[in-house]
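Let me begin by presenting the structure, written as structure tokens, before commenting on it.
The values are calculated or read from the model by the stated rules, or taken from the named source; none is laboratory data. Computed from a predicted model, the values in this text were never measured in an experiment. Glycine also receives a Cβ, built like all others from the backbone with ideal geometry; neighbour counts cover every protein chain displayed.
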Amino acid sequence: MKKVALVFVLAVFVPSLVLAWLAVRSLRDQQFLLEKQQSLLYQGQADSLARDAQELLAEYQRSFTAATMALLRDQNPQELSKTFDEVLRKEWPMAQVGFVVTLAGNILSPSPSSTPEARTFFSCNSRFLANRESAEVYWNQKGAPLNAPSELKKVQGTGYLDKSEPATSSGLYDSLKNSSLNSLNNKLQARAVVPQQALQNLDAAPTKSSANQKQVAEEAGNFSKVAPSETEFRQLIGEANQGTLARFVDDKLNVLFWCRAASASQLVFGAQLALPRLSAGLQQRIEQLEPAPQNQICLAILDDKARPVAKSNPALKANWKRPFVATEIGEELPHWEAAVYLLNPTALARSAQTIKLTLGLLIVVLIVAIGSGSWLIVSDLNRQLHLARQKTDFVSNVSHELKTPLTSIRMFSELLAEGRVADPERQRSYLSIITAEAARLTRLINNVLDFARIDRGEKKYQFENCDLVGVVRETVATYQPQLEASGFHFSSELPSSPVWVKGDRDSLAQVIVNLLSNAEKYADSRKEIDLELRQLTSPLPYAELKVKDRGLGVPKGSEQKIFEQFYRAHDSLNSGIQGSGLGLTLARQVARAHGGEVVYEPRSGGGSCFCLRLPISNPA
Ligand code: ADP
């Protein structure tokens with residue numbers, strides 16, 4: 001048994017508990033995993049929106065160059081340079097101001113007095129365009145150099161990019177970092193927005209040393225990847241034929257496109273992009289995007305102050321500085337971001353909570369199932385073991401019970417057969433002992449056989465209307481002489497009129513004999529047995545037969561167990577009283593088959609009282 005329990009614990013219980021523990025641990029990571037998945041998904045959306053914005057800028061750059069080249073084809077460059085601002089704004093409406101500057105730094109257009117925009121442009125950019133000051137610019141040079149082979153070439157200690165390289169923002173950024181321009185100044189700047197997911201990454205690494213904190217913060221995305229370089233306009237142009245540059249003047253973004261024609265390589269034609277038009281273009285792009293995730297998220301383009309310039313959900317009001325995820329657009333629009341906002345931020349936490357709850361419940365149910373299954377198996381094992389032990393005891397008890405009467409029968413019958421007993425009185429006494437022992441033997445064998453039949457469901461009862469008073473009287477008449485011979489004081493109290501029950505006479509007689517024989521066996525020194533039969537009416541009419549003794553009584557705690565098969569409250573070893581543990585089991589089974597019951601009641605003043613209750617039947 002111990003071995004089975006040990007195997008069970010090692011093979012089933014411990015692995016189940018370990019699995020349950022692992023499952024509980026993984027529950028704690030559910031929300032984090034869900035957010036990670038969501039953030040990966042939405043980060044992809046933000047990245048693609050940022051690429052869209054870059055493409056739009058590239059389109060504008062191309063259309064500006066095309067418009068300028070068309071004008072240059074139609075007009076003399078010198079003539080065009082005087083009226084370029086006006087002409088360009090007509091031809092290319094994305095321009096806020098058109099400008100022309102010579103490589104030497106003379107600004108030919110616009111005239112500062114022509115329009116308010118031109119005046120502002122002049123005051124902001126003239127010194128930078130005239131190469132009289134170096135400024136912080138975010139740059140993006142495109143197109144092959146006018147007079148140089150297609151490889152990296154140094155000009156006056158400054159550099160420009162290898163144009164054979166794809167002009168991706170990161171490639172450009174890396175090149176910038178390596179270039180000597182970069183050595184002037186590359187500032188680490190904070191981003192205008194703090195994406196929630198990036199913050200969580202930072203939170204998730206609180207154990208890192210403070211030396212690593214900055215690196216962690218960078219990884220977490222709190223610092224901009226887009227850094228300005230300090231340079232003069234002439235240095236920046238180098239030998240390239242077109243490009244985009246962005247700079248902040250008085251905290252306002254200026255996006256400048258420029259290009260040069262081979263026919264007038266000393267002149268740089270440029271345009272300041274009208275930001276309201278750019279915003280309208282971005283809004284159009286966002287509206288053309290696939291509408292699939294729009295019921296869950298809002299896509300937005302934010303300017304450098306984290307104000308939305310275009311958004312997919314026009315009605316949304318949010319804390320624009322705290323998007324779910326965001327990506328910087330790049331050098332073309334420095335510190336502008338493509339951001340994703342959750343329309344229902346609590347939905348994520350709620351669904352994580354639901355998953356957590358469901359899994360938690362499942363684990364609890366599993367643990368309970370494993371626990372109760374284990375308990376059932378162990379208790380069944382226990383029961384089987386107990387039964388096996390009882391059966392072994394039963395075999396030895398029955399053998400003993402068979403042997404004792406057989407020994408007496410043999411001994412007395414031998415004495416009589418050999419004629420060694422001459423006294424007729426003693427002869428009669430020996431014969432009555434033989435009869436009593438034979439009856440005891442028959443009773444025992446009947447009990448065992450009947451129990452086996454009932455156990456297999458083969459017991460057949462001959463139910464008939466019978467007078468219980470008559471059955472009791474007949475049974476007592478056969479048993480009373482034996483009791484009196486053993487020195488018992490026996491009294492019986494029976495009703496004068498018949499008590500009708502529907503029953504099997506032999507089985508009922510067997511129950512009465514079992515109760516009387518127990519009263520005799522467990523009588524101890526006070527040899528008194530009372531039997532009474534009464535007819536009662538409440539709650540239904542029933543007959544009650546009581547067999548009372550003043551003997552050992554049933555020990556506390558065994559009152560119910562004595563009706564279980566093979567159970568003996570007074571075992572043979574300690575009490576010296578023989579028994580099979582079947583008498584009461586059988587009595588109860590017979591009573592129940594009759595719709596009645598056998599119960600034990602303790603008696604005040606010591607001893608036991610066993611009640612057989614049977615329903616009264618109508619003799620008609
Ligand atoms: P057994 O063959 O052991 O008598 P029973 O099923 O008739 O088997 O009784 C079960 C147990 O109930 C007995 O072993 C005994 O401990 C207890 N018992 C039965 N009748 C009495 C009684 N009249 N007084 C005390 N104990 C009793």
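Numbers below:
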| quantity | calculated |
| --- | --- |
| Index of the failed condition, residue 325 passing every other in (1) closer than 29 Å to residue 233 by Cα; (2) surrounded by 14 or more Cβ atoms within 10 Å (Cβ to Cβ); (3) not basic (Lys, Arg) | (1) |
| Complete set of residues in the range 563-604 that are closer than 29 Å to residue 617 by Cα, in contact with a Leu (Cβ under 7 Å, 6 or more places away or on another chain) and within 10 Å of the ligand (Cβ to nearest atom) | 563, 587 |
| Residue in the range 176-188 that is under 19 Å from residue 134 (Cβ atoms), at pLDDT below 85 and buried (at least 20 other Cβ atoms within 10 Å of the Cβ) present | yes |
| The range 121-130, residues that are in contact (Cβ under 8 Å) with a residue 12 or more places away in the chain and among the polar types (S, T, N, Q) | 125, 126 |
| Selection within the range 552-562 - near the ligand (Cβ under 8 Å from one of its atoms), in contact (Cβ under 8 Å) with a residue 24 or more places away in the chain and out of contact with any helix residue (DSSP H, G or I) (no Cβ under 7 Å at 6 or more places or on another chain) | 552, 553 |
| Residue selected from the range 606-620 under the condition touching a residue at least 24 places away in the same chain (Cβ under 8 Å) and away from the ligand (no atom under 14 Å from the Cβ), by the criterion surrounded by the fewest Cβ atoms within 10 Å (Cβ to Cβ) | 618 |
| Qualifying residue in the range 496-505 (condition: at pLDDT below 95 and either within 16 Å of the ligand (Cβ to nearest atom) or in a helix (DSSP H, G or I) (or both)) | yes |
| Only listed residue being crowded, with 20+ Cβ neighbours inside 10 Å and either farther than 29 Å from residue 542 by Cα or free of Cβ contacts under 8 Å to residues at least 12 places away in the same chain (or both), chosen from 580, 572 | 580 |
| Residue list for the range 561-606, filter: farther than 27 Å from residue 398 by Cβ, over 53 Å from the mean Cα position of the chain (by Cα) and outside any strand (DSSP E or B) | 603, 604, 605, 606 |
| Cβ pairs under 7 Å, 6+ apart, first in the range 244-267 and not assigned by TED's automatic domain parsing to the domain that holds residue 127, second in a strand (DSSP E or B) | none |
| Residues (surrounded by fewer than 24 Cβ atoms within 10 Å (Cβ to Cβ), under 15 Å from residue 84 (Cα atoms) and not hydrophobic (A, V, I, L, M, F, W, C)) located in the range 261-273 | 272 |
| Residue tally, condition modelled with pLDDT of 80 or more and surrounded by fewer than 12 Cβ atoms within 10 Å (Cβ to Cβ), over the range 22-46 | 3 |
| Test: residue in the range 523-532 that is farther than 23 Å from residue 489 by Cα and more than 7 Å from the ligand (Cβ to nearest atom) | no |
| Candidate set: the range 538-551, residues that are touching a strand residue (DSSP E or B) at 6+ places or on another chain (Cβ under 9 Å) and assigned to a loop (DSSP other than H, G, I, E, B); chosen: the one nearest to the ligand (Cβ to nearest atom) | 551 |
| Selection status of residue 409, surrounded by 14 or more Cβ atoms within 10 Å (Cβ to Cβ) and away from the ligand (no atom under 14 Å from the Cβ) | yes |
| Qualifying residues in the range 438-458 (those that are surrounded by 12 or more Cβ atoms within 10 Å (Cβ to Cβ) and among the acidic types (Asp, Glu)) - the one nearest to the chain's Cα centre (by Cα) | 455 |
| Residue that is in the same structural domain as residue 499 (by TED's automatic domain parsing), touching a His at 6+ places or on another chain (Cβ under 9 Å) and more than 22 Å from residue 440 (Cα to Cα), where the choices are 555, 539 | 555 |
| Residue in the range 310-323 that is more than 30 Å from residue 192 (Cα to Cα), of a type in the set (Gly, Ala, Ser) and in contact (Cβ under 8 Å) with a residue 24 or more places away in the chain present | no |
| Residue within the range 524-545 that is modelled with pLDDT of 90 or more, small (Gly, Ala, Ser) and within 26 Å of residue 467 (Cβ to Cβ) present | yes |
| Among (1) in contact (Cβ under 8 Å) with a residue 24 or more places away in the chain; (2) more than 21 Å from residue 226 (Cα to Cα) - the single one residue 29 does not satisfy | (1) |
| In the range 407-430, the residues that are farther than 19 Å from residue 486 by Cβ and part of a helix (DSSP H, G or I) | 410, 413, 414, 415, 416, 417, 424, 427 |
| Leading residue by the ranking (modelled with the highest pLDDT) among those in the range 439-495 that are aromatic (Phe, Trp, Tyr), part of a loop (DSSP other than H, G, I, E, B) and farther than 24 Å from residue 526 by Cα | 463 |
| Residue in the range 79-99 that is among the basic types (Lys, Arg) and within 54 Å of the chain's Cα centre (by Cα) present | no |
